[in-house]
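The numbers here are math on the coordinates, done by the rules we state, and not lab data. These numbers come from a predicted model, not from an experiment. Don't worry about glycine lacking a Cβ; one is built from the backbone with ideal geometry, like all the others, and counts go over all protein chains shown.
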Amino acid sequence: MSLFLRFIFISFGIICSAAVGATTAEIRVDQMMEPSFGILSGADFGLKGVKSLNGVSPSSASIASVAGRKQPVLLIRVSFTDQEFTYSREDFRRLLFSTDINDASVANYYLENSYQDYLLQPADEFEGNRGDGVIDIQLPYEHPSFGANYGAKSASLVRDAIAQADRYIDFKQYDNNHDRRLDSSELAIVLMVAGYENAYGGSSAPKPNVWAHKADLAASFDGIGLTAYAMFGERHQNHLATIGIISHEMGHLLFSLPDLYDRQWDSNGIGRWGLMGLGSWNSQGGYSGSSPAHLMAWSKVKAGFLKPKDVTGNELSFNLSSTSEGPDAMRIWLDPFRHGEHFLLEYRTKTSLDKGLPGHGLLISHVDDWVGYGNGGPQNDVAEHKLVDIEEADGRQDLDQLQNLGDRLDVYNDAYGQDYFGSSSLPASSDYHGNSSGVEISSIKVGDRVSGLVALPYQNLGDNLGYDDGGIGSAWGENSGVSTSLIEIELGGRSWIHGVDVFSHGQGFFDVSLYANFNSGVLSNKLLSVQQQEITPGWNRVSFEHAISAEDLNRVFLRLESNMSVGRAFSIDTDGKVSGKSYALANLGFEKVNFDFNQRLLVADQQEAFDYQVPKKVDYSFLENTGGGGSFAFGTSAGFLGLLFVFAFGLKAREKLVR
């Protein structure tokens, strides 16, 4: 695969450039809305959050103690016969794990972004200072200095490094679910390589160097399979690596977050407004990457750090605190079944780690989760229809036109005369069909909080029910053949069934059936049968001609039978929690499977159909997984490559790197 990198030269002498599907969990509207949010017409949407790390904060000891989620991380420092480390073991322990309020560390970055709920914790190893999470090893050869060409050479380095580190750690202790493999959520493996970081400087970076990346792997030690790692170079030219690029690749490793820059470089994606875009290089009075942008609200939702308020009604007021201070954001669904297109509102201020942002104000993102990422879609690679697109308040589309990496006029701020987003603004609040969405956001006022008025397209929202909480996964079913799936779906009191959403990796047709009963392997009491529905790669929606009453039902059984002309019919989630409610048709009937299908049942409390059309699909090709043989192989990287920072010294030029 070729990777295209464009070096964008900025007149003040700095260049930032950059070197994976999405579903909602099974959850009811009332579960998503916290009682403290007060989701009522005209209610204040404020939420009192924990003070940030750079504001009035608890001590470093109490920060570590209040974190609700603890993530073990193993840091392997790799040196060579011709390349020792410039910086000490303690320097790297602090860089990754320190919770001292005065330290710029990756742990502090994720504590601040998770509102003190997610702590990177040193793994229990017994080399050097036992329990500091760091293992030092030296490989018996010279630094390979593979830079951006990290494929097979990186695989060899990782294999050799883990083989040496294995004597100092018991991988079995982290196999929490006893499946004899370690996901990154059980133990994250990070390699810090002596020498330089190629992503900081590009072709001008000193050598020897490696390129920051996250990659999948298949390796077995102590009978335990290891599945992924992240790798970084020690030095950014003349100083210790900064936390931005490390935090970015850890976003891939820990949460499978996709890149939100445009990997084809037809646009600048989200620019400097988020860590998973080009905001990993933000700074304020320090080295580039020393004060990386917060994750945008969409990424925080995927990481489990933030739960936006899903709002309904006619007209109401809103009042949001800064996302750098508390988990406060608002989601306005265009898709009434809350499975695809929506606007996401967050208040961004130049405070805490966000002090390097281009500006402050209400940031509005246009999200279409159906665009997908990783094996599920092109993420932000199609400039005209992105997964996460910033609605630039000044209407100039500088990010899309490659004019800059974000500026203060991208956000809505009454101080700039930008206090309205709706049908007559530029940009307008249109859906991806170009139709008026019915969303009107007015009287936007910026201060300690951001407030305004919002008119909404729906009085009430429906829901989508399924079990694929781990996202889009692998293709499943007969290749160019017939396959059948069955899911038992609890209705949770919803009154009407309106349709289904199905993710496919191929092309063909499928039949949809709903049943009220499934006993001893036999389906009975058919509620619906819809024949010969076309299925194409990506998400597919089948809206029933008439809604099916579910007043007297607690559950239904969704049966899909496919007949594919190209590829495999269905997609399965192998990363999330297995529900035990999914079945596949085998020779002897339906058998329970140890995964869940990427399928959703669309339900609501109203019989009438909603006035909404899903957007046209974005054209893309699925990435086929590749891998080597034996006990050590690399697959397609979910967080393919890192980000590039170059000092341009005022030059205006453009360069393309192909690998």
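Using a Förster distance of 41 angstrom, determine the FRET efficiency expected from the C-beta separation of Gln531 and Asn594, and round it to 0.05.
Details: r = 30 Å, r/R0 = 0.74.
FRET efficiency, Gln531 to Asn594: 0.85.
Taking the convex hull of the alpha carbon atoms in the stretch 217-260, what volume per residue do you get, in Å³? Intermediate values should be presented prior to the final figure.
Details: hull volume 4.4 nm³, N = 44.
With only Cα atoms used, the stretch 217-260 gives 100 Å³ per residue.
Working from the alpha-carbon coordinates of the stretch 274-429, get Rg over Rh, Rh being the Kirkwood radius. Before the final figure, lay out the partial values.
Numbers: Rg = 15.2 Å, Rh = 16.1 Å.
Checking Rg against Rh, the ratio lands at 0.94.
Once you've got the Cα coordinates, tell me which of Lys350/Lys577; Lys172/Lys577; Lys302/Lys581; Lys300/Lys617 are over 27 Å apart. It would help to have the intermediate numbers written out before the result.
Values: Lys350/Lys577 38 Å; Lys172/Lys577 21 Å; Lys302/Lys581 24 Å; Lys300/Lys617 25 Å.
Pairs exceeding the cut-off: Lys350/Lys577.
What length, rounded to one decimal in nm, is gained on full extension from Asn460 through to Asp448, with 0.36 nm per residue of separation minus their alpha-carbon distance? If you can, show how the numbers build up before the last one.
Working: separation 12, 0.36 × 12 = 4.32 nm, distance 3.07 nm.
Result for the pair: 1.2 nm of gain on full extension.
If you plug each phi of the stretch 212-222 into the Karplus form 6.51 cos²θ - 1.76 cosθ + 1.60 with θ = phi - 60°, what whole-Hz ³J(HN,Hα) values come out, in order, with x for Gly and Pro?
So the Karplus estimates, Gly and Pro as x, are 4, 6, 10, 9, 7, 8, 10, 9, 10, 9, 6 Hz.
For Thr574, put the label point 7 Å out on the Cα→Cβ axis and report which residues of the stretch 203-231 keep their amide N under 14 Å from it.
Within reach of a label on Thr574, which here means backbone N under 14 Å from a point 7 Å along Cα→Cβ, the stretch 203-231 contributes 216-219, 225-228.
At Glu315 and Ser220, where each label point lies 7 Å from the Cα along Cα→Cβ, what is the point-to-point distance in nanometres?
6.7
Measuring from the lowest to the highest alpha carbon on each principal axis, how far does the stretch 160-241 reach, largest first, in angstroms?
Taking max minus min along each principal axis of the Cα atoms, the stretch 160-241 gives 46, 21, 18 Å.
What ranking, highest mean first, results for peptides 289-300, 517-528, 327-338 when packing means the other Cβ atoms within 10 Å averaged over each residue? All intermediate terms of the calculation are to be shown ahead of the outcome.
Details: 289-300: 26.3, 517-528: 12.1, 327-338: 23.9.
The densest-packed peptide leads the list: 289-300, 327-338, 517-528.
Could you sort the peptides 124-131, 498-505 by per-residue average Cβ neighbour count (10 Å cutoff), highest mean leading?
Values: 124-131: 14.4, 498-505: 25.2.
The peptides rank, most packed first, as 498-505, 124-131.
In nm, give the distance between the simple-model label positions of Asp179 and Asp103, each being 7 Å from the Cα along the Cα-to-Cβ direction.
Label-label distance for Asp179 and Asp103, simple model: 3.2 nm.
If I take R0 = 22 Å and measure r between the Cβ atoms of Ala163 and Thr227 in this structure, what FRET efficiency does the formula 1/(1 + (r/R0)^6) give, to the nearest 0.05?
Details: r = 17 Å, r/R0 = 0.75.
Calculated value: 0.85.
Arranged from highest to lowest average of other beta-carbon atoms within 10 Å per residue, in what order do the peptides 562-571, 225-234 appear? Present the calculation step by step, with values, prior to reporting the outcome.
Working: 562-571: 20.7, 225-234: 22.7.
My ranking of the peptides, most packed first, is 225-234, 562-571.
Rounded to the nearest 20 debye, what is the charge dipole size of the stretch 55-206 about its Cα centre when +1 sits on each Lys and Arg Cβ and -1 on each Asp and Glu Cβ?
On the way: 13 positive and 22 negative charges, 47 e Å.
That gives a dipole near 220 debye.
If r is the Cβ-Cβ distance from Asp170 to Asp117 and R0 is 41 Å, what FRET efficiency results, to the nearest 0.05?
On the way: r = 28 Å, r/R0 = 0.68.
With R0 = 41 Å, the Cβ-Cβ based efficiency is 0.90.
Give the Rg (one decimal place) followed by the Dmax (whole number) of the stretch 406-542, computed from C-alpha coordinates and expressed in Å.
Taking only Cα atoms of the stretch 406-542, I get Rg and Dmax of 22.1, 67 Å.
Sticking with the crude label model, points 7 Å out along Cα→Cβ, report the distance from Gln284 to Ser520 in nm, one decimal please.
Modelled inter-label distance: 7.0 nm.
What's the long-distance tail for the stretch 187-316, i.e. % of Cα pairs beyond 22 Å?
On the way: 3839 of 8385 pairs.
It works out to 46 percent of all Cα pairs.
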